[in-house]
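The values are calculated or read from the model by the stated rules, or taken from the named source; none is laboratory data. The shown structure was predicted, so the numbers you read here are calculated from the model rather than taken from an experiment. No Cβ is skipped: glycine too gets one built from the backbone with ideal geometry, and neighbour counts run over all protein chains shown. Each accessible area value is taken on the protein alone, full model and side chains, heavy atoms only, with ligands, DNA and RNA left out. Shrake-Rupley method; radii C 1.70, N 1.55, O 1.52, S 1.80 Å.
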Amino acid sequence: MQSAISVIVADDHSLFRMGVIQAFSASGKIKVVGEGATKDEAIALTEQCQPDVILLDISMPGSGIAAAREIRQKWPEVKIVMLTVSEEDDDVLEALEAGATGYLLKGSMAPDLISAVQTVAAGNSYLSSNIGMRLYDVIRNVSAGRKTDSLVAKLSAKEATVFALIGRGQTNRQIAEATGVQIKTVKFHVSRLLAKLGLRNRVEIALLAQQSATDRMGGGTSRLSGQI
């Protein structure tokens, strides 16, 4: 039987935190190993518990984004999900740049919370659907300003393959298996994609790849799922 995913919940609203913990406990798939209310507590708990995933509130004392940045630097294997009321594009992009691989709005239903944790624990990224659509528009506008269509066209064959597979939501391991290379080779190509396209993280690559695929198919609005 697969072991439960270990999670820390960091939010300064105790009643909200309690509700999230109860939802995880009821699922039987996620084990809460710590809870805190501030940046400092989140960092101390991460060091002590070494969880699979940590949920951070952006606006908690000390800043959830600052906590994400430090956790990402010290414990890169810990997956980070921002759980917040903020739908501001700047907050979303800053959180992703700080190392978050999930961004979920407070008010999300329990199945969405559980799905988000399972998704990021598996090595993928997760965005609330409306956040995904808005971020897609941001990336579309940025790519238009940078003329990234021409940059995408100049990718090598291997880079283009990795680019497309990231857009389909595949993890580094899945891409390595599909292309017959080692994971470290996939990571190298991802780094090259970030540099060549002027992007900051894997989520931005996925969104741009989805946009590029949509444009090649004749335009239209892309329907982004929670998982990227």
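Here is how the numbers come out for the structure above:
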{"quantity": "Accessible surface, 1.4 Å probe, highest first, among residues Phe16, Phe188", "calculated": "Phe188, Phe16"}
{"quantity": "Residue-count net charge about Val120 - beta-carbon cut-off 15 Å; Lys, Arg +1, Asp, Glu -1", "calculated": "+2"}
{"quantity": "Local electrostatic count, Ser25, Cβ distance below 13 Å [Lys/Arg +1, Asp/Glu -1]", "calculated": "+2"}
{"quantity": "Förster radius 22 Å - calculated FRET efficiency between Lys154 and Lys187 (Cβ-Cβ, nearest 0.05)", "calculated": "0.60"}
{"quantity": "Point-to-point label distance, Cys49-Lys196, nm (Cα→Cβ direction, 7 Å offset)", "calculated": "4.1"}
{"quantity": "DSSP-defined beta bridges in segment 1-136 - what % are antiparallel, rounded to 5", "calculated": "0"}
{"quantity": "All Cα pairs of segment 1-93, percent lying beyond 15 Å", "calculated": "56"}
{"quantity": "Whether segment 1-50 is rounded, prolate or oblate, judged on the alpha carbon gyration tensor where a/c under 1.5 counts as rounded", "calculated": "oblate"}
{"quantity": "Sequence-separation-based contact order of segment 1-75, relative, with Cα cut under 8 Å and 6+ spacing, percent", "calculated": "35"}
{"quantity": "Å² of accessible area per residue within segment 15-105, as computed with a 1.4 Å probe and no ligands counted", "calculated": "45"}
{"quantity": "Gain in span if fully extended, Ala110 to Ala4, counting 0.36 nm per residue against the direct Cα distance", "calculated": "36.5 nm"}
